[in-house]
1. Can you give me the accessible area per residue for segment 128-274, using a 1.4 Å probe, in Å²?
2. Among G46, V122, L24, whose Cα sits farthest toward the positive end of the charge dipole of segment 4-266 (+1 at Cβ of Lys/Arg, -1 at Cβ of Asp/Glu, about the Cα centre)?
3. What is the chain's relative contact order, in percent, from Cα pairs under 8 angstrom and six or more apart in sequence?
4. May I ask for the longest run of the chain untouched by GluC sites (Glu not before Pro) that are loop-located per DSSP and have at most 14 neighbouring C-beta atoms (other than their own) within 10 Å?
5. Over segment 4-266, what percent of the accessible surface lies on carbon and sulfur atoms, probe 1.4 Å?
6. Tell me, what HN-Hα J-couplings in whole Hz come from the Karplus equation 6.51 cos²θ - 1.76 cosθ + 1.60 at θ = phi - 60° for each residue of segment 107-115, using x for Gly and Pro?
7. Which of T156, T213, T193 moves most in a GNM of the chain, Cα contacts under 10 Å?
8. Taking amide hydrogens as modeled 1.01 Å from N in the peptide plane, which residues meet the under 5 Å criterion relative to A185, leaving out close sequence neighbours?
Amino acid sequence: MNTFEELAATARACVAQRERRVPLAQLKEAVRAAPACRDAVAALHGEGRAVSVIAEVKRATATFADLSGVGDVAILAGFYAAGGAACVSVVTEPARSHGRLADLDAVRAAVDVPVLVNDVVVTPYQVHEARAHGADLLMLDARLQPLILESLIERTHSLGMVAVVEAHSRAEAITAAQSGARLIAVDARDPETRKVDRSRFERVAEVLPAGITRIATGGVRGPHDVMSYARAGADVVLVGEAVIRSADPQQFVAELVAAGSHPALFPATHREAP
């Protein structure tokens, strides 16, 4: 299993190759010409929803199973949006997830909902790259050095996007909040063993201050898990492999969205808005 340091080193090497093809100055021009970001925070806190759904397009799972046969990512993203997903996430990490910027371009052109880019982001170049290709949100990792994490959050916000910082432990969650993150994703999957422990979300999220949007990622198999995460304090769930493998992605997402709007959830989920 690759360590985060190894993943970061691979990401830097991939970025160096892309930067030789498209210099940062050229990328910044593309950012200035890009349409304004969509309001992702408003989309994730839509009226009538206790929990919103982010549905993810990706070509490999966390356990590295090949999903390259999922078909046209734009069509898949369209199904997600039609099913009621508040946002669509696109995995663009190339080395282990087989992601590509072309997938981001295709999804951005296909849907009107906000788009989240999920990659191993370690450099400011990647932040500009995501915005230039139409991203509204960008996933960062709390395992980055605190000063680097804080700088990348600030850069993300300065370009109009919203940073989503992924944490795997209580310490990482506190670091993310102290670094300026307003949206924090708690991954139920152990970064070492890749095993899913859905109780991790509640243990980690309980240390977050009021006003933080709490996102549960990993282990969403269906509506029951959406409601369980909601009762544990989640504002948003992110689902990937389960929806891709479903027989009807649009219907599957619709069922998750319906679960997140169940009347029984509202008394337990009212909290200070971000």
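1. That works out to 41 Å² per residue.
2. Positive-end residue among those listed: L24.
3. Value for the chain: 20 percent.
4. Result for the longest clean stretch: 48-191.
5. Within segment 4-266, the accessible surface is 52 percent carbon and sulfur.
6. 5, 4, 6, 8, 10, 9, 6, x, 10
7. Of T156, T213, T193, the most mobile in the Gaussian network model is T193.
8. Those qualifying (amide H under 5 Å, at least 5 residues apart or on another chain) are V165, E166, A167, I215.
The values are calculated or read from the model by the stated rules, or taken from the named source; none is laboratory data. This one's a predicted model, so the numbers in the text were calculated from it and none came from an experiment. Cβ atoms come from the backbone with ideal geometry, glycine included; neighbour counts cover every protein chain shown. When the accessible area is computed, the model is the full protein with side chains, heavy atoms only, and any ligands, DNA or RNA have been set aside. Shrake-Rupley method; radii C 1.70, N 1.55, O 1.52, S 1.80 Å.
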